[in-house]
Structure formats: structure tokens, C-alpha cells
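This report concerns only the one structure given below.
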Amino acid sequence: MSDVVEKTLTALPSLLSLDSHPGSAKLSSTSKLGNLIRGITELTSKHEEEKLIQHELLAIKEQVSSPNTTMMKELMVRSIYCEMLGYEASFSYIHAIKLAQQGTVLEKRVGYLAVSLFLNESHELLLLLVNTVLKDLQSTNLIEVCMALTVVSQMFPKDMIPAILPLVEEKLNHPKEIIRRKAVLALYKFYLIAPNQVQHIHNKFRKALCDKDPGVMTASLHIYLQMIQENPDAYKDLTPSFVTILKQVVGGKLPMDFNYHTVPAPWLQIQLLRILALLGKNDQSTSEVMYEVLDESLRRAEMNHNITYAILYECVKCIYTIHPKSDLLEKAAKCIGNFVLSPKINLKYLGLKALTYVVQQDPKLALQHQMTIIECLDHPDLIIKRETLELLFRITNAQNVTVIVEKMLEFLCISEDDHTTIDLVGKVAELAEKYPLKYNEWFIETMNTVFSLGGDMMQPDIPNSFLKLLSEGFDSVEEDRKLKLFAVNSYVPLLRGEPGKLPQRFLQVISWVLGEYSHLREDLEPAEVLSLLAKLLDMKNSSSETKSWVLMAMTKLCKGGTDASVTQEVSETYSSSLDTVLRQRAHELQYLSQDPELRARVLPRGSCGNFAFVSEALAAGAAPYKPPHQRQEELDQSKALSLEPYGLSLPISMSSCSITDRQSPTLLSMSSGLSGDTLKLDGVKRVWGREGYLAQREPVEEAAQVEVPSPIQSPGRQGEGDSLHSQTPTQTPTPEPEQEKQQLASSLFVGLASQSSVSLMGKSEPTPQRFRRKAKGQGPGSSFNASEQISSSLISPPSAVDNLLCNNLLDSNNASELAEQTSQLSQRLTTANGTCHTEAELTEPDTKGCNPALRRDNCVVAADPGPHDDPGRLTEVCLDSYLPAELSGLSHSEIAPLCANQSLNLSACHVQKEDSLILVVFIINSSESAIQQMLPAGEMTSHSVAVGQYSLTVKRPAVHVEVVGTVSYQLPAGTSQSLQFSYKVPLTSFIRPFVVSTEEYGTMWLSFSHDTKQNLTLINDNQEPLTATLNALKKKLQLHVVEVIGMEGIVACRLLQDLPCLMHCRVNAGWLAVWLRSPVPDLPDCLIYHCQRALQSL
Amino acid sequence: MRFMLLFSRQGKLRLQKWFTSMSDREKKKIIRDMTTMVLARQPRSCNFMQWKDLKIVYKRYASLYFCLGVESQENELLALEIIHRYVELLDKYFGNVCELDIIFNFEKAYFILDEFLMGGEVQETSKQIVNRSIEASDMLQEVRFTDMHQTLQDDRLE
């Protein structure tokens, strides 16, 4: 068909003069519009055209305002034409609205069209259209209704939506499917521009989804795609329906009308595939429902037409997004292969795009196509090249980073598009900063290129983070010095050359670095640096911002004496500058250069990058820093009108006001929702990343150190065995360019072959450990980070234990064997996954001094059970009966054996009392002899049980609190022995409900400084999810639900004895956004961990 | 979908449709950028381009360029098929469409587009149905529900 069109269109020039074309009946070439168009084509200059159009507009204006013109439609079309040519015809806007209002159906149609072309959503004249739309929506004439719905979906003032919404909703029940379909699409449009306006009609969307007309159903999928994107969990129940629909579509069950070039409803298919991808993401059971239909879709879509390729592409994306299934992945990979290898350039492009999407999960796929990728890198079409770089960016690792960055910089040199430049410069900087230390000089050189190429367009955070990196330095002092020195060395020649050509941002970076670090280079006189810097000040194109950077650098450098003349001159020049900042800097320079002592105090060398005062301020309760974008977001939010209804009673709205005063939890939880994918960090192995399945990987550290693997085993293209690497000498010689490419390939795809290096890809990866920057002061919450999870076993030093129970002396017979055993016992405190926090602190209990403090309340001797035949059975005997009477009524944890040797058996449990937590230790003498001199018990006869009761309090919260103790005792022989034990209690055992009123809560909220935010899973059963989730938490963790207001809830609890922790919860996009605050550091972090656990275990 | 532009080989705008609210200045900038970018493309290049955060999908039919601006995560091939179907719809309506048809009857081209796309999404892909509903509004001043229902019923049966 398209051939026919093209043929016809090629014949166009001959038609200009002739009017005998078959379609000419419809050509209104004799009309005034025809004359106008013809007139314009005959003109030769832009000036003439302008004159003609102005004349035309004048004529239209005259006629349009004459009262009973019959030419309105024609006039309007001519105005549209003039506007299209770029001439304003604003006088006709009002007439367009009038025409839509009063004209006949045909005129109305033109009127509406003109309105939709002339005005945009915010134009004030649109208000005049509302009544017309209202009238037409109620018309009995179908065409009028259709027109109204069309114009409504094209542009309609947001705040007028409520006026017509009921009428549009009503149309969902219209007997005519075309009306229903248009109504659904109009609602979709409303949903896009004002989602809260259509929230109440969600169930009507469901009805549209079940509509008997497939067209209406298709239209409703647009809305569903949006809603599922925002909250996939709420629509999981629809998965089987979507799967069934797709099955029917693929199976050709729809009417022929829906076919497009013999392919059944491709748009519908693709929409469904997108929805399925969203639903199946990170959800195995849902994914399993769709495997079959995906397989079917892949099979049915034959490779013969663009539209089937489009479906295949969407299928592949879906397969790689949902929970993986190996045979589907295989088929999808083959499909991508077909795309990439296709001679059709559009398909190749899409293949690259698909590869980029999947390499993070399956880097080997990139390996398979490495030669094609190399070819694409040299493709004459820049778009293809750009897409290839995007792909390479995703597979960058420590070994190929230099080659990839080089390729990117090459591209930057030829690219002229600003947007591309900004984007690429950002990526290069990201890569360079990710792997800086390995190639010191490379890093500085790359950043220099970035600064010169990126110019002043690049994102401002690039120079900032570069300077931060430089100033914070790395673990090795020597490396640190080298890096800084190299930077200085590279900048001096730049300044000696032609600094006028360098972008302002770069000059600012240079002057800062020289100011801070030029002293590292010993052969460089400060005077020379000063004069180089002074030269920058004299340059015409230096911005005043740059100048102030330069002046600050000079202030740091000047020493008085010989340099005095330069600084004197400069400061004199600028101390009268009109720019106040410059004047300020100049004065600073002047004073500080004359007073070296003051200067040393104000600007101590190497002081930069030291932000100790920040952590001090934080500890003192200052609000944490928020990046500008987040602040902006909050600002926007607070500016926007609140559309949610006010609370019912005054106190509620009062309290929510007071919360909002500082930083509304609602707003912040919104922003924390952005990072929603980084949830559930602890205790859970990260299998799923932002984009889908992450391959299992070795620890990062190992990956970074992996040596270049021996020639990469490439599976070869198209399954043939043509090996692609020329690294092996046995290879037959290849032509020169081919060899070059293969060399490039081996340098680009190095490190991809081994599974372990997978981890180096993707943005979300943490920096490899080797390159990790110096750890800053351990602020609250800093140790609660997945990347820092410590999973090695940590050992509690015996010294920590000494003062706990060491006074207890027990006597026993077999001394010598005991000694060895105890030492082993104390060493074996291995950590469970995710509890690193506690143990990490335990390693330095002396300095902290206040980790679980064990307060000995009272020691009670239990009754002697009397002689016992089988000592081994003693522990199995219900120790419950030994629980002190006052505790026996309370619930206690399972009695767990702690440790044992030949004479003693220790077991323990904990009992939760209302205001305390009691640790009960059972000491069982399993030996045949009596034990003497035991302090709590005095003495213990053979096979007896002693019970110690200790009340525990937590002074410094941790996820699990570990109590370590030693039982010392004396053997009858006279040697003292000790037995060490440790017992772990989850923090939750120390949590008690905290009953406060909403007002009290509000006041407390503002006064607490330590906080944390996280998104938790919502429980989605039939009832209200917020209440259900809060109730579950309440039950599991003993929290007190203070109040639930709409979609928000506030909860309070305390850590024994009375350290409060407040929790604000809000339902947001299918997650429960929680924000915890407490005066105690780490308590929010620990509590959120337990909340997560509690919800997961449900 | 953000916008659709039709322009000639000389860069003359023939049709513009904006699916999101945009100021006149933005529109002018986009039109200018699109015409220069698309017209500068070499033959045998792919039909896709990146412009700011948008994906530009274009195709040339004889002397006329069809240019579609879509979100960058959109399926480019599908966008290309949208253009193609629109050309087919024009062809069906005008009967062997040529650029002149679109120049002289651009309002008809808009009506067809409105019937095909609505709110930036594909609304109706069937050539017959689009054509019938355009003709129905062309011919009839007043269409009562029953009449149109009958017409469309007949169509479905064809």
C-alpha cells in the first residue's frame, strides 16, 4: 500500500498545475483558501509572504466581525492556515469559540478544531467553552457528543474538570461503543492531568475493562497501565484476566476489524505485554501465570513485518522484567540476536536498545554480539553510535573503563547536540569517579576533558563531586598526594597556555585546586601561581563567579613578602568592584594577606573536606541536609493546593498542622518513595535490582581484582563455531581492520566473561570496596546499609565480660578439661545475617561502655530437684518449672541451651514484663559432685538447678542485643574456672506500647532529632490496607497506634524504660511510607528493620 | 505521544498536533528543531532520533515528512506503524492521497487524526470504521443514535 502512496506523492509536482486528479473533487482549489495557498506558493521571498498574510488576516478580521456572515467555517480554516504558517491570528480565537457554540454540526466541528489548535490548556478563553461542551455532551446527536469528548481529551482546563466529569462518567454506560470508548479515553486524559479528580471512579474503570466491546476494553488499558505503574500490588488480582485477554488476542479471537496487516490488534497486544511486565516484576507467582502466553506470543509473532517486531521487542522486554524462566530467556535472547544482526537499521537500533536493557542481567549476551557492537560503534549514523555507547556504559567494569570512556569522549567531540553532550559528560564523569584510584592520571586527564568539552552546560554537581573526591582523598595518604599533585601539574600548563578558551566551570575548578594543593608541588613558587591566577582575573570573558573563585584561591596562597605586590594590586582593583561578592573577597584577600597569623587560623591548610561540624550539628539535633531537588519538591508540594478533605474534628487537623510545620512527614515520605527500589536491604540477599533479576555474584571486592581472563570464550555468532578472538596464536591471520576490531573487542568486553564481574555494572552498584573512600564519622544510620553489611564472624573479647558475672564461683571436679572448653566457647559468637550492628558494637564495648548493661537484681536459688539418675535428661526436663513464681504467669521465650561443659549446663530465656525485660539463666550442675562457693546459690548439690534473674535495659539500641556473661566457679581442687555464654535478644523484646495523645505526639515529633525513612510492604487483604498493616505491626511489635487519619497513621512505642520512638505511616503508591523519629540514635533504624521483618514474615 | 508534525521537504509545516499542553514558544522551537534535524538526516539512517528527553520517530512519504514525538521508553517501531496507519487512513479517505490533498484539506486531515488518535493514544485502528465515522460527520447534519448505530453495525459485519 505504502508504495502506492509514495508513487502518488511523487507525482505531486505535475498535479500543481492540473486539476484532473481523481481526488480533485475534494480539492477546494477554487476556494479562497485555495487562492491563498496558491498565492503563497508563487511567492519568492519571506517578506512578500508576510505582506500577503497580513493582508489576508486583515480581510479575515473584517469579515469575521460582520454580524451575519455565512462564511465562518471557511474563514476559520483560513485563520488556522495562517497560524500554521506562524502568523498570529488571535482575533479569531473568540470567533472559534463562538462557532463551536452556535454553528451547525459541520461548523461546530471546525470551531472545535480551531479551538483545539489555537488554545492550550491554560488559556483563559477556554472557560467560555465549558458551557458549550456541557451542552454538547448532553446532546442527542451522537456526532456532537463525539466532538465534545474529543475536544475534552485534547485540552480542557484542569480546574473545570469537575463540571463535566459526571457527564463524561455517564457516557461510560452509553449504548454506543464509540461513545464509551471516547469517554474512557477522556477519563484517561483526566487521570493524566489531574489524577485525584478521577480517583473515585476506579470501579467504573473496571467495568470498562470488562466491556463487551474490545475497543472499549483496549481504551481502558491505558488507564490501567498508568495505575499499575504507580501501584502494581493493587492490581495483581487482574493478572489472570490480562493473560486471558492476551491469549484470546494472540489466538485471533477478535473481529477482523482489529487486525493490522493481518496481525491481530498489535496495539492491544503491546499494551497487555507492558502491563504484564509491571505485574510480574519481582513477583514469582504472578510471573508464573504469564509464562505460557508469553511463549505463545513469541511463537506467533513471525518475523516479517515491523509490527511483529514491535510486539517481539515488547515480549522480550517483558520476559526480562518478570521473574526469569530459563527457556523463555533463551528464546528472548535469540530474538534479540535476530534484531541485532538484522541488516535493517531500525531493527538493529531496537536490538541495541533491547541489549542495553538486558545486559545488566545477562552480560554474556553482550559478549555474543561483541563484533556487531564494535561495528555499530563505527556506524555512520550517530544515533546508532549513541545507542551503542549507552550499551557500553552499562557493561563498564574496572578493566574496560578506559576504552569505553575513550570512545565516549570521541563521540563527545563530534556531537553537536547539547542534550547529548550533557548526558554523556555526566556518564563519563560517573565512570571516572567510580574507578578513580586505579588510574590516577587517567582520572585527572579524563576529568579535564570532561570539563573542557562539557563546558558550562554540564550539571553543576560534576565539578562539585570532583572536588569533593579530590579533597576527601583515599585511604592511602601517598596515593592521595599523588592524585592531587597530578591535578596541579596538569593545570599549571593549561593556565600558562590559553586559559581564555577554557569554560568557566573548569577555571573555577582549576583555581580551587591550585589554591588548595599547589603547595604540594615543591618547585612551584606561590608567586607564579598567583600571577597565573591574576591573569584569569584580567580576562574579558571571566564571569564574576569565576573571579570570586580566583580571589578565594589567591587568599589561600598569598604569603605576604614577594607576592605582596600582585595581591595588593588585585585587591585594590576589586575592592571597589560593583559586585558585592567580589568586593568582599577582595577585602578578605587584602586583610588576610597582611596578617599571616590570622590567615593560618581562618584557612588552615588541608581543612577542606572536613565536615566534622556537620555531624556535631546533627548530633545536636539539627535537621539533616537535603539536596536541592528534594527541597524543591517539597516546596512545590507545599505550594500546591491541598485537595484532600480536612479532618473531621479540630484536634486532628491541629495536630497534623503542627507536624507539617517543620517538615511534613507526608512530603518526605513522598520523596523517599523515589528510592523505593532500595528497600529491604537487610538480611535479604539482593536478587532483584531496579531493572529486574540480578545474576548471583561473588563479593564485589573479588571482582575488582580479577585478572584479565584468558582469551574470552565467546559462544560465537549464530551458533557457529567461528571464534571471534585473535588472541590465540593458532588463529588464521585476519585482515588488518578486522584485527583492529577484534583487539578493540577484547579490550571492551574484558571482564564480562566471568560471572563475578557482573557486579560492576549498572548504576545502582556500590563502589567497589577497593576504591571506597575514607569512611567519615559514623553517623547514625550509617552502619545500616546493605553495602556495608558485615557478615564475618566477630569475636567478643573476654574483657567485655569480666565485670558481668565473674564474681560467681562454682566448684567442680574436672578442672583441667574445663579450661580449654571455655576459651573456645567465648570465641564462637558468630553473627547471624543482618545483625551486624550489634556485634560491631560489641567489639568495642569498653569505649561505648553502655552496650547491654546487665543489672543484677536478685539471684534466686531454685529448689533442689533432688537426686537424678540421668544427668543428660536434665535439660530436656521442663525447665519451665524452675521459673520463679512471679514470672511463671508471663509469657517467656523458648528456653534455649547456652553452653555446657562437663560440669555445668547453662540455659536461658527472657520474660517480658510490662516495664522490664527479665533474663532468666538456668545453671544446671550436671556433674556428680557438689559445687561450692557459688555466689548466688552459695553452693549447689549434684544435679541441681540454680536460677539467676537479671533485669536488662538497653542503653544503645541495636537490632539484636547480645548479652555476654561468664560464670566463674571454683573446682573442689581449688582452681578457679569460668564458663562464658552469650545470649541474643531481639530489640523487639524491649519495645513496649507508648500511649500518647495526638497532640503530645505532635510536640514530641518536632523535638526528636534522629530519624529514618523507609518504604514497607503493605498488607493487601480485603480490608483497609493501612489498618491491616498497622494492626499486624501492633500485634507483632507491641506498638501503640495513636491515630489513623485517612491514608496516614501515627504510631508510638518506647524502648524500655522510657525512650520513645514515633512512627508516621502513610500509604503511598502501594507502599507504606514510614518515617521514624526518636531522641535515641539508631533506634529508628533498628526498629524499621524489625518492622520489615515482621511484615515479611506474614 | 507528545506531538505529531507533518512538513514538506522544504520544511513547510503542513499539520501540527500537540497532545500535551505546551506554550507557543515551545511549539515553535520544536517545529524548528524537528524540521532542521529531520531534513538533515542522511538516507539510510534509522528512523529514530533523540531530542532532549524525547524520542523522535519520523518517516518520509514522497515529499512529506511525518514526525512523531514520543516518550523515550516508547516502542519506536510501534510509533512508526502509527505513522504508517495514519498515511493509510489518509489514503483511504482521499483516495490516493498526495501532499496537495493535505494542503488544501488540512482540516480533514485533522479530523481523521482526531478519529485515529485521542489524548495521545491510538483510539481506532480500523480503516473502515475511521473512514465511516468521518464520512458520517461529513455528510450528515444530524445523526440520530439509531442511524449511526445502524451504519456502524453494517460496518462491523462487512
**OP:** Would you calculate the separation in nanometres between label points at A:Glu42 and A:Val581, each defined as 7 Å from the Cα along the Cα-to-beta-carbon direction?
**Re:** 6.0 nm
Original post:
Which part of the range A:65-94 falls in the paramagnetic zone of A:His55, meaning amide N under 11 Å from the point 7 Å along Cα-to-beta-carbon?
Top reply: none
Original post:
In peptide B:35-48, how many Cβ atoms from other protein chains are near each Cβ within 10 Å, on average?
Top reply: 3
Subject >> Debye-sum result for the range A:145-261 in log10 I(q)/I(0), which assumes one identical scatterer on each alpha carbon, at q = 0.14, 0.18, 0.20, 0.22 Å⁻¹ >> reply: -0.60, -0.95, -1.13, -1.29
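Applying a 10 Å radius around every beta-carbon, put B:28-38, A:492-502, B:51-61 in order of their mean neighbour count, most first.
Ranking the peptides B:28-38, A:492-502, B:51-61 by packing returns B:51-61, B:28-38, A:492-502.
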Original post:
How many Cβ atoms of partner chains, on average, are near each residue of B:77-83 if near means within 10 Å of its Cβ?
Top reply: 6
**OP:** Choose one of A:Gln399, A:Ala366, A:Ile345: the residue whose Cα lies farthest towards the positive end of the charge dipole of the range A:338-422 (beta-carbon charges +1 Lys, Arg; -1 Asp, Glu; about the Cα centre).
**Re:** A:Ala366
Original post:
With each label point set 7 Å from Cα along the Cα-Cβ vector, what nm distance links A:Lys236 and A:Glu445?
Top reply: 5.3 nm
Original post:
From the residues A:Ser976, A:Thr941, A:Val963, which one has its Cα farthest along the dipole of the range A:889-988 in the positive direction, the dipole being from +1 and -1 charges on Cβ of Lys/Arg and Asp/Glu about the Cα centre?
Top reply: A:Val963
Original post:
At what distance in angstrom do the alpha carbon centres of the range A:444-500 and the range A:1002-1060 lie from each other?
Top reply: 47 Å
**OP:** Send over a whole-number figure in Å² for the accessible area per residue of the range A:174-319, probe 1.4 Å.
**Re:** 36 Å²
**OP:** Would you please give the FRET efficiency between A:Glu62 and B:Glu71, computed as 1/(1 + (r/R0)^6) with r the Cβ-Cβ distance and R0 = 45 Å, to the nearest 0.05?
**Re:** 0.55
Subject >> Calculated FRET efficiency for the pair A:Gln248/A:Glu124, C-beta based, R₀ 41 Å, to 0.05 >> reply: 0.30
Subject >> Cβ-Cβ FRET estimate between A:Ala622 and A:Asn1020, R0 fixed at 35 Å, reported to 0.05 >> reply: 0.35
Subject >> Tensor-based shape of the range A:39-188 (alpha-carbon gyration tensor, a/c under 1.5 rounded, otherwise prolate or oblate) >> reply: prolate
Original post:
How large, in percent, is the carbon and sulfur part of the accessible surface of the range B:3-155 at a probe radius of 1.4 Å?
Top reply: 46 percent
Original post:
How big is the charge dipole of the range A:994-1096 about its Cα centre, in debye rounded to the nearest 20, if each Lys and Arg gets +1 on its Cβ and each Asp and Glu gets -1 on its Cβ?
Top reply: 280 debye
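Using 0.36 nm per residue, how much length does the chain from A:Gln1096 to A:Glu914 gain when fully extended, once their Cα-Cα distance is taken away?
Details: separation 182, 0.36 × 182 = 65.52 nm, distance 2.65 nm.
Gain in length upon complete extension: 62.9 nm.
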Subject >> Accessible surface buried upon B-A contact (total; probe 1.4 Å; Å², nearest 100) >> reply: 7800 Å²
**OP:** Any chance you could run the full-extension gain for A:Ser90 through A:Asp538? It's 0.36 nm times the residue separation minus the Cα-Cα distance, nm to one decimal.
**Re:** 156.2 nm
Original post:
Carbon-plus-sulfur fraction of the accessible area of the range A:566-606, 1.4 Å probe, in percent?
Top reply: 51 percent
Original post:
Separation between the A:Gln229 and A:Ser452 pseudo-spin-labels, each 7 Å from Cα along Cα→Cβ, expressed in nm?
Top reply: 4.2 nm
Original post:
Using modelled amide H (1.01 Å from N, peptide plane; none on Pro or chain starts), what sits under 5 Å from the amide H of A:Leu917, excluding residues fewer than 5 places away?
Top reply: A:Leu952
Subject >> Relative contact order of the range A:319-423, defined on C-alpha pairs under 8 angstrom at six or more residues apart (%) >> reply: 18 percent
Subject >> Over 18 Å (Cα to Cα) - which of A:Lys501/A:Lys540; A:Lys182/A:Lys212; A:Lys207/A:Lys253; A:Lys317/A:Lys348 fall in this group >> reply: A:Lys207/A:Lys253
Original post:
Size of the dipole of the range A:151-293 about the Cα centre, Lys and Arg at +1 and Asp and Glu at -1 on the beta carbon, nothing else charged, in debye to 20?
Top reply: 340 debye
Original post:
Between B:Leu5, B:Val130, B:Ser45, whose Cα lies farthest towards the positive end of the dipole of chain B when Lys and Arg beta carbons carry +1 and Asp and Glu beta carbons carry -1, centred on the Cα centre?
Top reply: B:Ser45
Subject >> For the range A:306-361 versus the range A:517-556, the gap between their alpha-carbon centres in whole angstrom >> reply: 54 Å
Original post:
Which whole number gives the average, over all residues in A:141-149, of C-beta atoms from other chains lying within 10 Å of the residue C-beta?
Top reply: 5
Original post:
Under the classification rounded if a/c is under 1.5, otherwise prolate if a/b is larger than b/c and oblate if not, where does the range A:889-988 fall, given a ≥ b ≥ c as square roots of the Cα gyration tensor eigenvalues?
Top reply: prolate
Original post:
Which order, highest average first, do A:1000-1010, A:310-320 follow once you tally other Cβ atoms within 10 Å for each residue and take the mean per peptide?
Top reply: A:310-320, A:1000-1010
**OP:** When a/c is below 1.5 the answer is rounded, else prolate if a/b is larger than b/c, else oblate, so apply that to the range B:1-121 with a ≥ b ≥ c taken from the square roots of the Cα gyration tensor eigenvalues.
**Re:** rounded
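The values are calculated or read from the model by the stated rules, or taken from the named source; none is laboratory data. Model, not experiment: these values are computed from the prediction. Cβ: placed from backbone, ideal geometry, glycine included. Neighbour counts: every protein chain shown. SASA here: full protein model, heavy atoms, side chains in, ligands and nucleic acids out. Shrake-Rupley method; radii C 1.70, N 1.55, O 1.52, S 1.80 Å.
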